[in-house]
Amino acid sequence: MTEREPQRTTPQNTSARFKTARRWARIVMGFTVILIGLVLSIPGIPGPGILIIVGGLAILATEYVWARRYLNRIKEGGDKLSGFFRKKKPPDDPHKP
């Protein structure tokens with residue numbers, strides 16, 4: 001039986017492990033933030049649940065396309081809503097009877 005040589009840590013190997021660890025940390029953090037937002041969205045529990053959910057989607061959007069799509073849909077809805085409130089009536093013409 002032969003003994004295994006200890007695995008050498010190369011800069012490329014360390015870099016790949018670091019990137020993988022960062023990716024998993026972002027994924028876990030994003031889903032955790034969304035879960036906290038869902039809990040805060042329950043009636044009777046105070047807190048900005050919807051905003052926290054959007055924050056979790058923003059974290060997950062760095063890794064997943066589906067999260068980026070949901071985030072873009074939310075942004076478009078926000079733009080439409082702000083456009084609705086920003087519509088101003090044209091000023092009345094003082095020269096008309």
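The values are calculated or read from the model by the stated rules, or taken from the named source; none is laboratory data. It should be emphasised that the depicted structure is a prediction, and the values quoted were computed from it without experimental measurement. Every residue, glycine as well, gets a Cβ built from its backbone with ideal geometry; the counts of neighbours run over all protein chains shown. All accessible areas refer to the heavy atoms of the entire protein, side chains included, with ligands and DNA or RNA removed. Shrake-Rupley method; radii C 1.70, N 1.55, O 1.52, S 1.80 Å.
Rolling a 1.4 Å probe across the protein heavy atoms gives region 25-92 an accessible surface of 77 Å² per residue.
I need the peptides 32-43, 73-84, 50-61 ranked by packing, meaning the mean over residues of other C-beta atoms within 10 angstrom, with the highest value on top. Before the final figure, lay out each step's value.
Values: 32-43: 14.1, 73-84: 10.2, 50-61: 17.9.
Put in order of decreasing packing, that is 50-61, 32-43, 73-84.
Measuring r between the beta carbons of residue 32 and residue 81 and using R0 = 30 Å, the FRET efficiency lands at 0.60.
Computed from phi, the 3J(HN,Hα) profile of region 73-84 under the Karplus parametrisation 6.51, -1.76, 1.60 (θ = phi - 60°) reads 5, 5, 4, 4, x, x, 5, 5, 5, 5, x, 5 Hz, with x in place of Gly and Pro.
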